[in-house]
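The values are calculated or read from the model by the stated rules, or taken from the named source; none is laboratory data. None of these values were measured; they are calculated from a predicted model. Neighbour counts run over all protein chains shown; Cβ positions are idealised from the backbone, glycine included. Note: accessible area is taken over every heavy atom of the protein model, side chains too, but ligands, DNA and RNA are not part of it. Shrake-Rupley method; radii C 1.70, N 1.55, O 1.52, S 1.80 Å.
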Amino acid sequence: VLEPGKKLMLGEDLTAYVSKKAKVSLAHNETEGFELVIIPLWTEIPEMSISCSNLKSAVTGEIIDKSNISFFPLGAVKTKPNDSGTEYFGWNYDILFNSDRFPLKSDFQPVWVNVYIPKTVKTGIYTGVIKFLDSGTEQAKLDFTVEVYDFALPDETSLKTAFYFNSETVRKFYANKMPQDETNTIAAVLAKHRLNKIGNDYNYPEGEDSFSRFCQS
């Protein structure tokens, strides 16, 4: 179980992250995530899947429906040295696949987990189980706890953030030009997660760069 800020590298020793439980804490109307790493010990599994039970409060009996928990297997892309300023090159687990089913190869498989808490959920601590299944048969499970704080994030954020992104940087990192529809998709994801996108993909007035535009807004 890895914290959301941890960047997993191919060939890394995962011993320190072995755990039988996971926990996230978040407010109402907020999304938080973490990373699971599945390691096959004996054989490859053609169809691995992950599911989560409903989460239940032992105090109130209230339920967080499992539909608020999403799983995204990560795919790796090989990067080469370039001038993007990145320190690590090689196989990077950066691609999120929108599926809870995937083949488990001989190497480890990271999975990103997103948890969303609706405004209607009551404050408290909720527990459940994440299950790992081989063709529908449970092979392992992980105790899962969600702590819901007693406040909610507003629907529309008023906090400006300088989250830099542009398609040229992506092209240098992956050595592949990004189509415009993918650029738009990424921009929508950033907005959904309350990140103000700045970069050179916008048509700003002549002589005005994106950062100065952001500072004046």
May I ask you to verify whether Phe144 is modelled with pLDDT of 85 or more, in contact with a strand residue (DSSP E or B) (Cβ under 8 Å, 6 or more places away or on another chain) and surrounded by fewer than 12 Cβ atoms within 10 Å (Cβ to Cβ)? no
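If you check Tyr149, Tyr126, Tyr116, which single one turns out to be touching a helix residue (DSSP H, G or I) at 6+ places or on another chain (Cβ under 6 Å) and closer than 18 Å to His28 by Cβ? Talk me through it step by step, then tell me what you get.
Values: Tyr149 fails: touching a helix residue (DSSP H, G or I) at 6+ places or on another chain (Cβ under 6 Å); Tyr126 fails: touching a helix residue (DSSP H, G or I) at 6+ places or on another chain (Cβ under 6 Å).
Criteria check complete, one pass: Tyr116.
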I need every pair where a residue in the stretch 130-148 that is touching a residue at least 60 places away in the same chain (Cβ under 8 Å) has its Cβ under 8 Å from the Cβ of a residue that is of a type in the set (Ser, Thr, Tyr) and open to solvent by 50 Å² or more (accessible area, probe 1.4 Å), sequence separation at least 6 or different chains. Leu142/Ser19; Asp143/Thr127; Phe144/Thr127; Thr145/Thr127; Val146/Thr127; Val148/Thr123
Residue ranges of strands (runs of 3 or more DSSP E) in the stretch 1-118 with at least 2 members free of Cβ contacts under 8 Å to residues at least 40 places away in the same chain and surrounded by fewer than 18 Cβ atoms within 10 Å (Cβ to Cβ): 69-78, 91-96
In the stretch 147-165, residues that are at pLDDT 95 or above and among the polar types (S, T, N, Q) total 0
